[in-house]
Structure formats: structure tokens, C-alpha cells
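Contents: one structure, followed by commentary.
What follows is calculated from the coordinates using simple rules that are stated; it is not laboratory data. These numbers were taken from a predicted model, which means no experiment stands behind them. As a convention, Cβ positions derive from the backbone with ideal geometry for all residues, glycine included, and neighbour counts pool all protein chains shown.
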Amino acid sequence: MKFLHTADWHLGKALYGRSMLGEQSWFLLHWLLPLLEREKPDAVLLAGDIFDRQVP
């Protein structure tokens, strides 16, 4: 069984008042999704903080 483990995405985070959603979207679309298609894991484990704040 093959797992892909990732954690602490902190979606919605702002750094010095600048939103990081552009970089986060790029990561998901151009790195993570191609990795999932290539590796074809049986399960994805997403641990840690998905969103940066309690209210996304």
C-alpha cells in the first residue's frame, strides 16, 4: 500500500500583509496534483494545519 503524507499547508496565510494564495494554488496545481497522478497513492494523509486560521 502506498501513502502520500503532507502537512501544514496553512491555506489563506498572509506574509507581511501579502496573500500567499497564488503560490499555494501553484503548489497544488503544478506540484501536488502531478505528483498524485504520477505516484498513484492508495491514500493521502493530510496532517497538521490545513488552514492558517480557524475561519478560512
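Among the residues making up region 27-56, those that are exposed (fewer than 11 other Cβ atoms within 10 Å of the Cβ) and more than 27 Å from Met1 (Cβ to Cβ) are Gln54, Val55, Pro56. On the stretch given as region 1-26, residues that are assigned to a helix (DSSP H, G or I), surrounded by 10 or more Cβ atoms within 10 Å (Cβ to Cβ) and either touching a His at 6+ places or on another chain (Cβ under 9 Å) or among the small types (Gly, Ala, Ser) (or both) total 2.
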